[in-house]
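Only one structure is covered here, and it is reproduced in the block below.
The values are calculated or read from the model by the stated rules, or taken from the named source; none is laboratory data. The structure displayed is predicted, hence computed values, not measured ones. For neighbour counting, all protein chains shown are included, and Cβ atoms are generated from backbone atoms with ideal geometry for every residue, glycine included. Accessible surface is based on the protein model in full, side chains and every heavy atom, while ligands, DNA and RNA are left aside. Shrake-Rupley method; radii C 1.70, N 1.55, O 1.52, S 1.80 Å.
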Amino acid sequence: YAQKNGIFSYSDTLKVLIRDITDPFAIRTDGLTGGINIVDLGNLGSCAFIETSDVGRSDTASGTFEILGRLDNSDIRGCNLLYV
């Protein structure tokens, strides 16, 4: 997926699901914000299903999603944490 002004577009193998922050089994379809779940069947040889601690919004009509930040009290993570 490519970034353009903070908006990411889906690849052919990628699906982004927005979950309710208070109920991880409830998937939001109302266009509001929530936790991000990523399903990417293009990840051969690694994990294709990820539940992140990121908050975002998805627009399935345009095939785009936006990452808005992190959930409160979530661990800081990422590969660039090693960069000083």
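Looking at region 14-30 only, could you name the residues that are open to solvent by 60 Å² or more (accessible area, probe 1.4 Å) and assigned to a strand (DSSP E or B)?
Scanning region 14-30 gives K15, I27, R28.
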(request) Determine whether region 61-68 contains at least one residue that is closer than 17 Å to T13 by Cβ, exposed (fewer than 10 other Cβ atoms within 10 Å of the Cβ), among the small types (G, A, S) and at pLDDT 80 or above. (result) no
(request) Taking G34 as the residue in question, decide whether it is within 12 Å of the chain's Cα centre (by Cα), small (G, A, S), open to solvent by less than 50 Å² (accessible area, probe 1.4 Å) and closer than 12 Å to F65 by Cβ. (result) yes
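Considering only residues that are loosely packed, with under 13 Cβ neighbours inside 10 Å and touching an Asp or Glu at 6+ places or on another chain (Cβ under 8 Å), which ones fall in region 1-13? First the steps, then the outcome.
We begin by selecting, within region 1-13, every residue loosely packed, with under 13 Cβ neighbours inside 10 Å; these are 2-6, 12-13.
Matches in region 1-13: G6, T13.
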(request) Among what's in region 37-49 and is open to solvent by 40 Å² or more (accessible area, probe 1.4 Å) and of a type in the set (A, V, I, L, M), pick the residue that is farthest from G69 (Cα to Cα). (result) L44
